[in-house]
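Following: one structure in structure tokens, then a few remarks.
Coordinate-derived values only; no laboratory data. A quick note: this is a predicted structure, and the numbers were derived from the prediction, not measured. Backbone-built Cβ (ideal geometry, glycine too); neighbour counts: all protein chains shown.
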There are 2 protein chains.
Amino acid sequence: RLYCSSSNATTPPAPTSTSITNLTIANKQQLYITDAVTPGSVFFLPHGTRIFNKLITFMKTQQRQYGFEEVITPLIYRKTLWEKSGHWENYKDDMFRVDGADLEKEAYGLKPMNCPGHCIIFDRLDRSYAELPLRLSDFSSLHRNESSGSLSGLTRVRRFHQDDGHIFCSKDQIKAEITASLKMINEVYSIFKIPGYKLLLSTRPESYIGELSEWNDAEAVLKEVLESTGQEWTINEGDGAFYGPKIDVILKDHTGKEHQAATIQLDFQLPHRFNLKYNSKENGVQLQPIMIHRAVFGSLERFLAILIDHFNGVWPFWLSPRQALIVPVSSNHLEFAKTVKAQLNNDASNAIHDYKFHIDIETRNETVGNKIKEAIKKGYTYIIMIGDKEVESGKIALRKATERKTENLSVEEVRQRFIDLEKSYE
Amino acid sequence: RLYCSSSNATTPPAPTSTSITNLTIANKQQLYITDAVTPGSVFFLPHGTRIFNKLITFMKTQQRQYGFEEVITPLIYRKTLWEKSGHWENYKDDMFRVDGADLEKEAYGLKPMNCPGHCIIFDRLDRSYAELPLRLSDFSSLHRNESSGSLSGLTRVRRFHQDDGHIFCSKDQIKAEITASLKMINEVYSIFKIPGYKLLLSTRPESYIGELSEWNDAEAVLKEVLESTGQEWTINEGDGAFYGPKIDVILKDHTGKEHQAATIQLDFQLPHRFNLKYNSKENGVQLQPIMIHRAVFGSLERFLAILIDHFNGVWPFWLSPRQALIVPVSSNHLEFAKTVKAQLNNDASNAIHDYKFHIDIETRNETVGNKIKEAIKKGYTYIIMIGDKEVESGKIALRKATERKTENLSVEEVRQRFIDLEKSYE
Ligand SMILES: [Zn+2]
Ligand SMILES: [Zn+2]
């Protein structure tokens, strides 16, 4: 079992039909590529990057509501750190070693997890009980040296990103933090309309560290919180990590295959290895915090694969990398099309939080029918038709690519519609 | 001279008094730390991450206006790639080597630049003249194995980030692209109110590749564009890279020391090494694109150091990691303070582009005078006082931390003030 993991690198899904569906859609929509010069690392093309970045922006917005503070931490660390964290002993073969010209003295490891870096941040400053729970978040890329034969699309990779988070808290804060984490998971998954995920509690294994009473208390808290969600949950007796019990969230793809996404793991061990302390309310008394590893998406790459499968390439407007295609009926309407695009995007403004959309103009010399067919194939969410009538009336014809119903709206009304769709995550 | 660099790793500034100023402010404001487990890699603490992320969000907004498309590219690549790009021959000692359990057959290199990865993306798809100029942007972290003795704060590091961009274009598009790049640099630096930067043109060195006529044409274009800016520029005869001429942008810190920030580099070579082609207007005729390497901030870490020096720790509101501190006069006013904070941040909304601010509440049991003194020391931009009068009238007392003038405004007016400041980058 992997020491201190906020993902499931030990039991990843094998290549499946999901990956194949993914690849067809990914190619058609030009979302990402891979290359033999770096097996298991994904190149996100512009349209894939749009989805990836939207997911991260979305998650940062949600995490802010739950009191997380983002940090940016290094990628390479000396062996000393990995010895301290236990990775060198337990996980060395799954890590990439890094060497440089003047590094003969000590090897570096390319990080497979963010936790040790976050422990360094916790440890550096003098911490008070008043700062707890301290919730750090990190979207850094992580590397794990999976065997080349096992690599597959987005679901089993060597380089991936997590919406990683570590909560440093006192014992009596565990319950509230787990409750909040499960609430956040539920809120996020509802927004993506992912049906029926499974909650899985893994309990104390035969070989464990820490006090038995500590384990019993922690498991009791987790069960109590799981019960209070009203959701179905199952137990995996003895399948917890040796350093603490955990809750995993399991999603199904359209073939019924299960994928682990979110995770919440209690950890009594890493704070001990790093000798983390905070000043308690009692003058002069220092206590050790508990650490909770948690991720809501889990691996961003794997979550994206699940979304591609879930939406089957038909993205909701807010996530769509091609939100609208403006189709001028003839070349006479091209100028008006450009004006409409600029207005829909409020191009006059370069403010940081202005709503900007992914809108293209179809400029090829094709029949309108072919242009629409192509737009649907490429995955555009909306089509905006512009002909003589639209130029005259100033109203543009808006339709969903997958529906025949057309609405005639002013440019301002369409912009407001688009803003409302993004605001409500639809 | 470094092959194909969009930064100046060859002539970085040595440790200076600027770094020392930086460190004092960075410690006082808790912006970042470094640690012996990874020399030359910066840990951005929550407040440093706020500034860092704001700079990136800002740059993405600006780049969108200039037609850049972001991509996300891998960090490790096989030796084969670095041989093709010329890095293995010319730059191997400055790169980190990466090894894994089953990687004996071929070494990997941790990328010092994004250019080869972008060439792979250009090369993968069938490219048409209609797609040019293709402008790719990338904010990936980069690693260069600087000697440990030379490392210093944020200005000389082993891990850094760039607002990196590569423009693939035809020869007759060079002039427009360079003009746009210089315009963007000017707009960005104006927003930061950085006074008097220097433009430096480096021309053909004694040892060069490509045609002499190509060089002459390119240098003539660069000179013409520089002249048309109306800004002062100087020439560095023979100091260009062997693959093309370049324009560097030099900033001064408060001690007068110069730092390279933005760069624009023409490259005739890399497209050749990667055998990049696009289909021209003429049926069946393929042409080789020119590549322009450009960065506006340059190294984000170094630019942040320049900003810390430039603002001397007094951040403009939009960049401030501590935008406001709410000071309740007594514990009776704490509840109202919390309501005010929630309203200022529009906590009820979790929309992606809503304006959210960095606002704290001072909860310690101190005199008001001490609370204000502490707020100024920590670098808060605004202070909001809340006492009986404010609770009764619903108007809150807003003052800049560094000024004595107080305004009494409704919460909605303060939120609007904050939004306006962010929108206008003040
Ligand atoms: Zn972790
Ligand atoms: Zn470059």
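For chain A, what does the relative contact order come out to in percent, with C-alpha contacts under 8 Å and a separation of six or more? Mind showing how you got there, number by number?
On the way: 746 pairs, mean separation 69.0, N = 426.
Across chain A, relative contact order equals 16 percent.
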request  = One decimal, nm, shortest first: give the distances between the label point of B:LYS223 and those of the same position in the other copies, each label point 7 Å from Cα along Cα→Cβ.
outcome  = 8.4
ask   = What is the average number of partner chain Cβ atoms found within 10 Å of a Cβ in B:38-47?
value = 6
message = Please compute the modelled spin-label separation between B:SER330 and B:SER280, points set 7 Å along Cα→Cβ, answer in nm with one decimal.
response = 8.4
key: Counted charge near B:LYS389, where neighbours are those whose Cβ lies closer than 14 Å (Asp, Glu -1; Lys, Arg +1)   = -3
Charge dipole (chain B, unit charges on Cβ, about Cα centre) - positive-most of B:GLY256, B:ILE383, B:PHE242 = B:ILE383
query = Which of the lysines could a cross-linker span from B:LYS252 if the Cα-Cα distance has to be under 17 Å and same-chain partners fewer than 8 positions apart are dropped?
reply = B:LYS193, B:LYS198
request  = Compute the Cα gyration tensor for segment A:92-182, then decide on rounded, prolate or oblate, letting a ≥ b ≥ c be the square roots of its eigenvalues: rounded whenever a/c is under 1.5, prolate when a/b is larger than b/c in the other cases, and oblate in all that remain.
outcome  = oblate
remark   = Yeah, the protein assembly as shown with a ≥ b ≥ c from its alpha-carbon gyration tensor (a/c under 1.5 is rounded, else prolate when a/b outruns b/c, oblate otherwise) is rounded
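What average number of partner chain Cβ atoms lie no more than 10 Å from the Cβ of the residues making up B:27-37? Each step should come with its number before you reach the end.
Working: counts 0, 0, 0, 2, 0, 2, 4, 1, 10, 3, 14.
Mean partner shielding for this stretch: 3.
Antiparallel versus total DSSP beta bridges in the protein assembly as shown: what percent is that, nearest 5?
Of all bridge pairs located within the protein assembly as shown, approximately 80 percent are antiparallel.
Over segment B:212-300, consider all pairs of different Cα atoms and compute the Kirkwood hydrodynamic radius from their mean reciprocal separation; express it in Å, one decimal.
Details: mean 1/r = 0.0657 Å⁻¹.
Hydrodynamic radius (Kirkwood, Cα only) of segment B:212-300 equals 15.2 Å.
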Burial order of peptide ranges B:52-61, B:126-135 (average beta-carbon count within 10 Å, highest first) = B:52-61, B:126-135
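Provide the FRET efficiency to the nearest 0.05 for the A:SER150-A:LYS92 pair, computing r from the beta carbons and using R0 = 22 Å.
On the way: r = 18 Å, r/R0 = 0.83.
Plugging the Cβ-Cβ distance into 1/(1 + (r/R0)^6) gives 0.75.
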request  = Could you pull out every residue, at least 5 positions away or on a different chain, whose amide H is within less than 5 Å of the one on B:PHE96? Hs are placed 1.01 Å off N in the peptide plane, and Pro or chain starts have none.
outcome  = B:LEU110, B:ASN145
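Quick one: grab the alpha carbon gyration tensor of segment B:285-426, order the square roots of its eigenvalues as a ≥ b ≥ c, and give me rounded if a/c is under 1.5, else prolate or oblate depending on whether a/b is larger than b/c.
Values: a/c = 3.13, a/b = 1.99, b/c = 1.58.
Cα axes put segment B:285-426 in the prolate bin.
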remark   = homo-copy label distances at A:LEU212 (7 angstrom along Cα-Cβ), nm, one dp, ascending, are 9.0
query = Under a point spin-label approximation (7 Å from Cα along Cα-to-Cβ), what is the B:ASP123-B:ARG404 distance to one decimal in nm?
reply = 6.8
remark   = Given backbone amide H placed at 1.01 Å from N, residues whose amide H is under 5 Å from that of B:ILE326, ignoring those fewer than 5 places away on the same chain, are B:ASP360, B:ILE361, B:GLU362, B:ILE384
query = In nm, one decimal, shortest first: how far is the label point of B:THR234 (7 Å from Cα along Cα to beta carbon) from the matching points in the other copies?
reply = 7.3
